[in-house]
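The values are calculated or read from the model by the stated rules, or taken from the named source; none is laboratory data. These numbers come from a predicted model, not from an experiment. Cβ placement follows ideal geometry from the backbone for every residue including glycine, while neighbour counts extend to all protein chains displayed. Just the protein is used for accessible areas: all its heavy atoms, side chains included, with ligands, DNA and RNA removed. Shrake-Rupley method; radii C 1.70, N 1.55, O 1.52, S 1.80 Å.
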Amino acid sequence: MRRIALGLVPLLAAACVHLRGPAGPVMPDRPGFSDMPDVLPAGAVQVESGYTSDRDGATTYRTAGEALVRVGIGSGVELRMFGNSYATRTGGGTPAARGMEDSKIGAKVRLIEVADSVHGLTPTLAFLVASSLPTGAPGLGAGVAQPEAKLAANWTTGGPFSFAANAGVAGAFDGAAWTNQGSAVASTSFDITEHLSLFIEGMRVAALSGPSPAATYVDGGITLLLGDRVQLDAHIGRGMGRERSVGFGVARRF
């Protein structure tokens, strides 16, 4: 099971090199915490990947890969396959851990579609559902499937600003106990040019049940479109405690 899950995403990504899907721009869910409500049309394939380095006090956690393959299947639905990352955790007085994180599979379903030229209170809205798979290395994987669901919304304006929000619930297992978590994300982006944008966002995670403290994070960054099918990104963030993060990535639509 683990070998199948870990091999699926690289094989799909390699196959995408020979594909040319329907016309349209890249529509990334990265970078940052927010998932966007845009759904790929039928036949479109998009691959997203990146690298992040997180530091919390003396502990450093790095992820390389962050692989997400998105496939539009029509009727406002896309499939989502997360290969996730090769991760390393060092410092903090605990043994170092290295290996693959849990993979994940999910779907995004469009609920409301609003053209970018329409500026009102009604957002473009989508529902996302996913579950991790217990494929990760010891010390990095949860050992059980962890489900999650969220709503993603986006509003455009007549100017360079746009706004997005997510609200979600997820189950998290720490090896001893389950926690049901709720999350909320709010973000805004500013278009400097047709191809260059800045964004800033904040996220709050809190336990709905179980032993998990609340946490708040903020991050921001820059995105650069190369043509209409490739986006590069860089971001930096921090938590309200000692957490710090920096990363970069790429999204490619086929």
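Of all the listed residues (Ala215, Ala176, Ala172), the sole one being free of Cβ contacts under 8 Å to residues at least 60 places away in the same chain, surrounded by fewer than 13 Cβ atoms within 10 Å (Cβ to Cβ) and on the phi < 0 side of the Ramachandran plot is Ala176. Could you list, ordered by first residue, the pairs with Cβ atoms under 6 Å in which the first is in the stretch 181-194 and free of Cβ contacts under 8 Å to residues at least 24 places away in the same chain and closer than 18 Å to Asp29 by Cβ and the second is surrounded by fewer than 17 Cβ atoms within 10 Å (Cβ to Cβ) and of a type in the set (A, V, I, L, M), at least 6 apart or interchain? Once the first residue is free of Cβ contacts under 8 Å to residues at least 24 places away in the same chain and closer than 18 Å to Asp29 by Cβ and sits in the stretch 181-194, its partners that are surrounded by fewer than 17 Cβ atoms within 10 Å (Cβ to Cβ) and of a type in the set (A, V, I, L, M) give Ala184/Ala167. In the stretch 107-153, the residue that is surrounded by the most Cβ atoms within 10 Å (Cβ to Cβ) out of those that are among the basic types (Lys, Arg) and under 15 Å from the mean Cα position of the chain (by Cα) is Lys108. If you filter the stretch 154-169 down to residues that are open to solvent by 30 Å² or more (accessible area, probe 1.4 Å) and touching a Lys or Arg at 6+ places or on another chain (Cβ under 9 Å), you find that the one that is farthest from Arg204 (Cα to Cα) is Val169.
For the stretch 220-237, the set of residues classified as farther than 13 Å from Pro28 by Cβ and at pLDDT below 95 consists of Gly227 only.
Between Leu224, Leu208, the distinction of being closer than 30 Å to Gly175 by Cβ and either without any contact (Cβ under 8 Å) to a residue 24 or more places away in the chain or surrounded by fewer than 16 Cβ atoms within 10 Å (Cβ to Cβ) (or both) belongs to Leu208 only.
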